[in-house]
Structure formats: structure tokens, C-alpha cells
1. Which length gain, in nm to one decimal place, applies between Gln714 and Glu1050 when the Cα-Cα distance is subtracted from 0.36 nm times their residue separation?
2. Top to bottom by accessible area (1.4 Å), largest first, where do Glu1050, Glu1060 land?
3. Can you tell me how much longer the chain between Gln784 and Asp982 gets when fully stretched, taken as 0.36 nm per residue apart minus their C-alpha distance, in nm with one decimal?
4. Among 668-675, 582-589, 757-764, 288-295, how do they line up by average Cβ neighbours within 10 Å per residue, starting with the highest?
5. Based on the Cβ-Cβ distance from Ala1073 to Arg838, what FRET efficiency comes out when R0 is 35 Å, to the nearest 0.05?
6. If I model a spin label at Ile344 and Val618 as a point 7 Å from the Cα along the Cα→Cβ vector, what separation in nanometres do I get?
7. Please list, in order along the stretch 1016-1033, the HN-Hα scalar couplings obtained from phi with the Karplus expression 6.51 cos²θ - 1.76 cosθ + 1.60 (θ = phi - 60°), rounded to whole Hz, x for Gly and Pro.
8. Could you give the length gained by full extension between Thr428 and Met1058, i.e. 0.36 nm per residue of separation minus their alpha carbon distance, to one decimal place?
Amino acid sequence: MSAPSSAPSAPAESAATETDFLAPDPALRPPGPTPSQSRFQVDLVAEAAGATEDKSPSSDASTTVPSSDKATPTASLDGPGADPGAGGEEAKGRFRVVNFADPSGAGSAASSEAAPVEGLQNGDTVMSETSLHSSTGGQHHYHYDTHTNTYYLRTFGHNTIDAVPNIDFYRQTAAPLGEKLIRPTLSELHDELDKEPFEDGFANGDELTPAEEAAAKESADSKGVVKFGWIKGVLVRCMLNIWGVMLFIRMSWIVGQAGIVLSCLIVAMATVVTTITGLSTSAIATNGFVRGGGAYYLISRSLGPEFGGSIGLIFAFANAVAVAMYVVGFAETVVELLAGADAIMTDETNDIRIIGTITVILLLGISVAGMEWEAKAQIFLLVVLITAIINFFIGTFIPVKSKESVGFFGYDSSIMWENMGPNFREETFFSVFAIFFPAATGILAGANISGDLADPQLAIPRGTLLAILITGIVYLGVAFSTGSCIVRDASGNMNDTLSSQFMANCTDAACKFGYDFSSCKSDKDGCRYGLHNDFQVMSVVSGFGPIITAGIFSATLSSALASLVSAPKVFQALCKDNIYPGLGMFAKGYGKNNEPLRGYILTFGIALAFILIAELNVIAPIISNFFLASYALINFSVFHASLANSPGWRPSFKYYNMWVSLAGAILCCVVMFVINWWAALLTNVIVMGLFIYVSYKKPDVNWGSSTQALTYHQALTHTLHLSGVEDHIKNFRPQCLVMTGYPNSRPAILDLVHSFTKNVGLMICGHIRTGYRRPNFKDLATDQARYQRWLLKNETKAFYTPVFAEDMRQGTQYLLQAAGLGRLKPNTLVLGFKNDWRDGDMMNVETYISMIHDAFDFQFGAVILRLKEGLDVSHIQGQDDLLSSQEKSSGMKDVIVSIDTSKDSDADSSKPSSKATSLQNSPAIQKDDDDDGKATTQPLLKKDKKSPTVPLNVSDQRLLEASQQFQKKQGKGTVDVWWLFDDGGLTLLIPYLLTNKKRWKDCKIRVFIGGKINRIDHDRRAMATLLSKFRIDFSDITVLGDINTKPKKEHTAAFEEMIEPYRLKEDDMEQEAAERLKNSEPWRITDNELELYRAKTNRQIRLNELLKEHSSTANLIVMSLPLARKGAVSSALYMAWLEVLSKDLPPMLLVRGNHQSVLTFYS
């Protein structure tokens, strides 16, 4: 609760830099204006080093700009004598007006031609009075006043520093699409001219994480980067990935099993799932700029790092294993050809391994050569694939006699009708669907290389949806054509013809063409040809068989290549976001395209391992499920974002529906279990495991996810709903406004109150900032964010609420009235005891006691915590290193917060401090590299590199130990409740809540009550009954019959001595003088009130004796706070009562509820 010192402290380096910026080298300073290191409007064009030669003799302002990474070109403003038609050459030497002179907003040097030179008045460039200092860093920029300079176009918005709308204001720092400009801050437009403005950070979470900033810089710096359009980048990739081996070697079998109708239904069902996912992908991809990382990027930026991180890892792994799957498919086909030519090298399995290894090495070579080579290879493979498909369709129209024995007769209605219905053999509809569905899972191939697309927002929707349409039509075409011209079973024997006498008995479609294949059907080995039996039936049908083999090669290799590129790209994006800290090494990119070479090597390793296993039947369903889990989450992302109703959810792709997306997500989950129930369970377990891990690690990223938006939406809805319900005693919770000042300056009060409010009630850390300077509200807002972050890091469930006020009392009144929201408002004021009340100005005591009176006036309960050592540790050196080390881990900007160094009253939230704040006391100055970001409230007394830690004196050492006592487990002890007066039950409820917590659960509650000596047993039984009705466990009840006995004389004498300096002694002076003194010093104790409240004074002294007798070993004493009537008891007397009551005791909590019941025994 300490005030900001009048001049915020700053690190020496920072101060030095500021001086440099404020006073640049005179040789570099323009004759008229003084540079201010900001930000917008005008920056000097630094394109031509030869701009110096463009200077005209009449130029009035020429300037050289110091730059960190370029030569320092000289720019000039051309005077009235300059040739208006000079064009681009002269324009290069002028000031580039970023958002005034260039109506298009492009702000390029060439567009300066548009600036009318004749509009200059004497070429003057006058610096605005509001030349403000700021520290964005980077190059110097000069800000010129546009009111006195008509060089700017005379159109709306160009004669003021108020900026007109411009896309560059909305870019993220170092965004790849263009340079970020910073619009004039509100302070620069609104503050008084003599006021020093403060640095604006990024508003509304606009800033990038360091990883994103590095990625963005790389994209911005790279020249000659290969970027793909929607056809080459998305359409080609998706088509190649969707048309897999399945098209050539399983589609005909599926038609044989399921028939034409159900085959078309299977294709349609798969297409529905992929289309819905395609629509969802399009919606997310068009809701803002998309970077590299494909499915991971889309999911993580929509649903947050937990879902994104878990899916990103398994999606990258699935792609890596998919490489192995496709390569083995290719190798199997090659081995079959070798077997046909009798050219097997060793045995089939090892040949698959050898050919697979050679293939994957070649594919890795193509990938590592760069995206351009990979794209060329994909185009070539697509041409081969389309040729093979056309070759098949042409073949179906050319009936060849020699092919009839293997079941191909050309298009015929009888064959079509025979194949229309299903004929499942050892399969079911769903098992056949499960075999087909992986063929449809290539729809994210384009989205996965989102970072390499020229315009992802246009390319992803257009390419993905068109690919789904084209491939779906081709699959349906193949299903229909194979079912219409090939019979299910054929022997391949030319002699299986029908004799005329059996013609009448034959019912098969083949009979019409004179063939009878019934002999092989009845044979135990079955037929070798036909839809059911021959996977290579499409080669047989096609016009030229080897082209189909080339198509199979093309389909497998293209899918393997797409997966080999997708996996490292997704993995690189995941590693750049640093969600899994150990994987950071894979984030590094190489070359102009930022290629993830390390990721390629890792993917190659995984693929090679699975190729060597060579048994992929087990792994295939898991891979399909991994892809489906990604699809389900993409669909769910769209539903979630629409449900959250965030204003930031504005996809330019409009053809989506939240309920359709939800149906798509459910469908994906259903399909997962249809394909393979154990693989689906395994996938869910892995996703949940990774989700829990990422949630536990809490990566420090803020992507504005829909989870955030929905949390806000629900919080708002529930808060409003809560406000419509009356409070009930059963639901009473202590909602505390704790006057902590800076939350890390009074750890004891923070920890103790948090112990009984955590997960039970609201806790607000109030901080009143007083001072004689004009309040700096920007600092207040910065502090608010900074200390709220500190509380979260510290796992303290509380809100930090600072206010500016004239004095402590006014600030407390503000907080008592305005803190909280609806039903989430505090009902109990918690203060620290003012240990130093006798040392300072007694008006501070008047203010302190008034705060307690105000709390009762507002119907609040009041709680005062006293530790004999004190509470405020903010003056101890090194106390705030903690905060700074966390700021480092969170990547926040350094905003210097000064903490009051004077050890002032524990109650004051903030007082002007006469002592200067040491550097070590300022959070965000010291930074420790070895801090792991996991904080405790415990102050970290670390040695600083620059200044050694000062050894603590004994009292500070004790204070530090006392301030940490509530962070430890309390062990077997007691919480003594002195429930002397009935305040509604708050005095009893707080200890009950405390002992429910893990740290306090070993402590027993002992209850002490006042009573009469002759009724002790009766009073004890009555209290035991009450406590049992309240269901509050206690270990002992003590009835104090001797409360009203007179205290010892020496204690009374000590009390008299203590209050002596604060007495008014009106009997010893004139009445008028006494009244004058009482008015000027209202805290003084009159003889009259001292006499009037003698009995009450004696009771407080006596209670202290009893407390020392009964509770000197308690872990905590909770006692009824004595009340003083407002206006009747002076603040000095009331303070003396509290002092004498709680002196020399264990930690003590003085509690007084607002006399409304907070406990009930009714159900």
C-alpha cells in the first residue's frame, strides 16, 4: 500500500538511452525541428543514398537520419524553386508522408510524386509544440506540425496530426505484409502541451509473442520467397492427396462388396464429412491473416494453445507416419511388378524395406531442395495421375474379347443391375466404409503449407472445396463405371463358355455374353478375377495397363511427398510457439523460404522407422483417427467461435453454419469409432493427455481464442443472472476488500485472506494511491495489468484494484462504493493493523479509524489483522525481484513501477514517500535468467549482478519470516475463537473456512466466550448446542467468568502512560481554547470520554491478560472487534483500545460482521 514516488525510478541504461534520444548529435539535428523518436506521419525515405545530390539550393531543411542498419542517406525538402515536374527522382529525396500526402495510404517513395510541390509555403517545416518523447525504439522519425505546413494535401484529415484510417495502423509488429505504423496516441492528441506523455504499449493484446515476431521478421526480410497461388498451392496438393492408391486398387473391390448404390453412398458420406470440414476450414482461414502451420495454426488460434498444441503434435506425427504408409504402398506395387518379372532381390518383406528406404530418401531430397522443386514434382505427378484416370475411363468404352474371361464386358444394363445391390463377403457396410474413408483424408494438404501461399484467405477455401468436388465426382464416376461393366466374379478361363442347353438355367449377367463362371464360385479357392477378387481390375480395364501402374506410383508418391512437406511445416509452427519447451530446436528455418530442415530430418527418421517395420495394417487406423480428430476440432472451432459471439469472429467466407459445423464435428467422432473403436479411444486418450499437459504448463500466449470469448460470454451471462437472485444466508460468502497496497508488499494479509476466500468468495486487493502530483492514470492502468498478472502467476485468486484519491479515507470510500460487479461485490473490509500509529501524524490515525467507521456505514463487516512484527515488507531490498523475473517470462514491456520504500503504516495503501526508491525496489528492473517463472509470494532475496544484496537487520529478518508464516502448512495447533459478541456469525465462519483448507486442516478450533461464574456449565452447553446445530467442529469451549475482573494495576498504569500524549486535558485550560484544540485535533481524548468509557477500557486491558493466559501458543487468534460509537469515542482512544487488546500476541484477527446472520442451522 505504498505510493509511487514522485519520479519513477528507471534503470541506468534506460536513462542513458533516453538522454541520447532527447539530445542527438547536433550535427545530425535538422535546423528547424527537434527530433522526437516517434512513430507515425512522416518518416524519411532512405531508398537512395544518392539523394544528397538532389538538394536544390533553396532547400530549407535538409537532414541526415541516423539509422541502425542502413547507410545514413540525406533527405531534403524541396523549396519553392524546385521544378514541379521533377518527378520520381526528386521525390526520392523528400520526406515520405506516410498517411497524409499519399491518399492511397500506400506510403511508398514513388507515390510522393503525387505530392504537389507548389503547395509549399517557403519550404518551412515547423516542429509541433507537441513534439513528444516516446521510446518505441528503432530508427529516429521526425514528427512535423501539419497546421503550419501546407505541404500536406488539403483534403480532409491532412491538416492535423489526427490520422485518417490506414491499414498499416492495424498490422502486427514486423508483419510480413508491410510495415506497421503507430497511430498518434490519445495522449499525444489530448494531453496538455506541457505534460510528458507516457509510452503506449500495444492495445487489446495486439502484441506478438517473441516467436511470432521472429517469424514475422523472417517473412518480412526474405526476398524472392516462393509463394503459391490457389491452383498450384492448394488444388493440386489436395487432389493428389485425396486420390490415393485407394482409387486404383480398392475402389473396384468396394463396388464389388457394397454395390453401386451403397458405394456411391459411402463416397457421398465421406464427401459430406470432408465438405463440412472444408467449409469450416474456409471460415477459419478467412477470419484474419493465416501464417504457416496449417491445421495446427487454425485450431490453436481459434480454440487456444491447449487444443492446438495437442492436435498439432499428433497431426504432425500422423503426417510423418502417413509418409511411411504411402511409401510402403508404392514399394508393395513395385515388389509385385518385380515378382511378376521374377526379379525379387531377397524376399518380399525386405524388398519392400529396401525400395521404401530408397524412395523416402529421394522424396526427402526433393523436399529439402525447396518448395519450388517439390511443387514441380507435384505438377508432374498430377499430370500422370489424371492421364491414368482418363486412360481408365477410355478403356471402359473399348470392349476387348480377350478381357471377357476376367469379367470385363463393357457397359451393360444387366451387369449394372446385378451390381446395383450389395454382396458383402466377410465385410459389413461400416467395415467397407472404414477402408474407403482414409482415401478422403487429404483435404488439409493445401492448408498445411499456409505459410507458403501467396493469399491463404483466397487459396484455402477455393482450392480445398474445388478439390473435394472434383475428387468426389471422379470417385463416384469410377464406382459407377466399374459397377456397370465388370462382373463380380470371373475365372479368367476362356473356356468357361455356356453350351446352349444350359443357357436357360443361367441367371448371371455374364450368361448374356456366353460365359458361366459358376464353376469357380463353387470352387474352394474361389474366382481369381472380377470386382470381388482382383485388386488390379482397373489395370485390366484401362486402355493401356502400364499407365494405371504409373498412376498408382503417382498417387502414392504425391501423397507421400505432400505428407513429408506437411509434417515439418506443422511441427515447425508448433515449435515456434514454444508450447512444448523441449522442442524449440525444431523451430529454426533455413534459406529464403525458412525451410524446416531439422523437421524434415525428424520426419524422415519417423517415416523410415515405420517403413522398416513394414507392417502398417495396425498403424493405418490410428493415422486415420489422428486426421479425423483434427477435422473434428476444426469443425468444433467454427461452432465454438460462433457460439462465443465474439465481435472478432468475422470470416469473409460466409457459406458456413455453426450447427452444420457441430454436426460435422460429431460425424467425425462417429466415423473415428466406425473405422476402429480401439484406435478412436487411443486417439482420444492421447489428445486429452496432451491437452491436460498443455493446460498444466499454461503457455504464456494470448491469441484471442474463442475459448476466451466464450469464457467472457458465460461470465457476463452468469453475473447478470446472479444479479436477479436475492442473497440467501446459506450462500453467504465472505467477499473481502483487502487493503494490501501493492499485492506483494503485504504477503501475510494476502496469504491469510486468500486461505479463506480461495474457491469460496471474492477477494479484491485494494490499493489507494495518494499524492500531490497530478494523477497519472496511464500508470494506474499499467500497474493494474502488471499486478493482476503477478497475482495470477502467484496462483492467488484475487483482483487488484488501484484508485487515485486525495487521501486514504476518500480512496477507501471509492472502493467500498464501486469495487465489484453485481452480486460479486465485497461485503467485508480487511485492514492491516496500524503498528506505527504512535510514530507519525495523528491525523493518519483519524483517517484509519474513519475507514473502519465508513465500512460499518456501508454495512460492511470489518476485519483487522495484527502481527507483532508488522505486515509491510516493501522497504526490504530485493523484495521485488520476484515481480521482474515474472515480467521477463511473460514478455511484457518494462514499465517501471515504484514502490514506497518507507516503512509506513501497515494500513496505508499508499502515502507520499520522502525516501527515494532504490533500483532493487522497482519491479521490472532486475531480471534473473534462471527463474522458471513459477512464483511464490515469498520474496526472492537474490544477489543482483550490479549491486550486492544488503544484509538484513534483525527486525527485518523477523518481519520477513513472519510475512511468510501463512504460506506454510500450519501443523497441529489451534485457532482460538474469542466469540465475545454476536456479530451475525462472521467471527465463527472465518475460522471454520480456514480450517477447511489443506494448510490449516490440522488446527483445531477452540471457542472462548464470556459468561457468569455461577452459570459456566450452562453457558458451555448452550454454546456447544449452537455450534453443533451450525455443524462446526470444535475441540473445546472455554467460558470466561472473570472477564469483568479489574486488570492488574501495572497494566492500567501502562495504558494511562500510553494515552497521556493524546489527551485533551480540557479541565486544565479555558473552555474556548479546549474547543479550538479539539476542532483542530479531533483525535484528542477528552477527560469526560475517558471517564465515561473507563469500564470498556478496563475490559480491553483485562482481555489482553486473558489472551496471554489462554492463547499465547495459538497459531491464530480470531476475536470480536470492539466497537466504538461514531462521534463519541475519539480515534486515539479507539486505537489505544485495539493496541492494548492485541499487544504481544500471536497473529490476531479482529473480526466484526455487519450484524446480519451469515450462519443458519435451517436446511
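The values are calculated or read from the model by the stated rules, or taken from the named source; none is laboratory data. This is a predicted model, so every value here is computed, not measured. Ideal geometry is used to build each Cβ from the backbone, glycine not excepted, and the neighbour counts take in all protein chains shown. Ligands, DNA and RNA are stripped out before the accessible areas are found, and what is left, the full protein with its side chains, is counted by its heavy atoms. Shrake-Rupley method; radii C 1.70, N 1.55, O 1.52, S 1.80 Å.
1. Working: separation 336, 0.36 × 336 = 120.96 nm, distance 6.19 nm.
Length gained between Gln714 and Glu1050: 114.8 nm.
2. Glu1050, Glu1060
3. On the way: separation 198, 0.36 × 198 = 71.28 nm, distance 3.77 nm.
In short, 67.5 nm is gained.
4. On the way: 668-675: 20.6, 582-589: 15.6, 757-764: 18.6, 288-295: 22.8.
Going by the mean number of other Cβ atoms within 10 Å, highest first, we get 288-295, 668-675, 757-764, 582-589.
5. Values: r = 25 Å, r/R0 = 0.71.
Using R0 = 35 Å, I get an efficiency of 0.90.
6. For Ile344 paired with Val618, the spin-label model returns 2.4 nm.
7. 4, 5, 4, 5, 5, 5, 4, 5, 4, 4, 4, 5, 5, 5, 6, 6, 10, 6
8. Details: separation 630, 0.36 × 630 = 226.80 nm, distance 9.47 nm.
Result for the pair: 217.3 nm of gain on full extension.
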